[in-house]
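Report on the structure given below.
The values are calculated or read from the model by the stated rules, or taken from the named source; none is laboratory data. Keep in mind the model is a prediction, meaning the values are calculated, not measured. Here Cβ is always computed from backbone atoms with ideal geometry, including for glycine, and neighbour counts include all displayed protein chains.
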Amino acid sequence: MSDVGGIAADQLRSLIERIERLEEEKAVLATDIREVYAEAKGTGFDPKIMRQVVRLRKMESADRQEQEALLELYMVAVHGA
């Protein structure tokens, strides 16, 4: 392993290359996800709502319930009871 200025150059290069490969994979996956949303839209589903469902499903149940309760509270405050 060669050191350049106290840095393990080979190890750094290897890490950078791994990150670059992962970034490429991420870009491919993002394209695939966009295509699925486009397919869903083409069959009549609303991609915006689908994205919201995906986001909510990632959340812990307690966090989701807290967010829904706050949303309801805010809506009542803004629109009245």
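On the basis of being within 20 Å of the chain's Cα centre (by Cα), free of Cβ contacts under 8 Å to residues at least 12 places away in the same chain and in a helix (DSSP H, G or I), does residue 63 make the cut? Yes: the conditions hold for residue 63. Against the definition (on the phi < 0 side of the Ramachandran plot, under 14 Å from the mean Cα position of the chain (by Cα), assigned to a helix (DSSP H, G or I) and surrounded by 10 or more Cβ atoms within 10 Å (Cβ to Cβ)), how does residue 54 come out, yes or no? Against the criterion (on the phi < 0 side of the Ramachandran plot, under 14 Å from the mean Cα position of the chain (by Cα), assigned to a helix (DSSP H, G or I) and surrounded by 10 or more Cβ atoms within 10 Å (Cβ to Cβ)), residue 54 qualifies. Among the residues of region 47-64, which ones are at pLDDT 95 or above and either polar (S, T, N, Q) or in contact with a helix residue (DSSP H, G or I) (Cβ under 8 Å, 6 or more places away or on another chain) (or both)? Passing the criteria: 47, 50, 51.
Condition check for residue 68 on (1) assigned to a helix (DSSP H, G or I); (2) more than 23 Å from the chain's Cα centre (by Cα): one failure, at (2).
Identify, please: which residue in region 32-50 is charged (D, E, K, R) and in a helix (DSSP H, G or I) and is, among those, surrounded by the most Cβ atoms within 10 Å (Cβ to Cβ)? Among those residues, the one meeting the criterion is 41.
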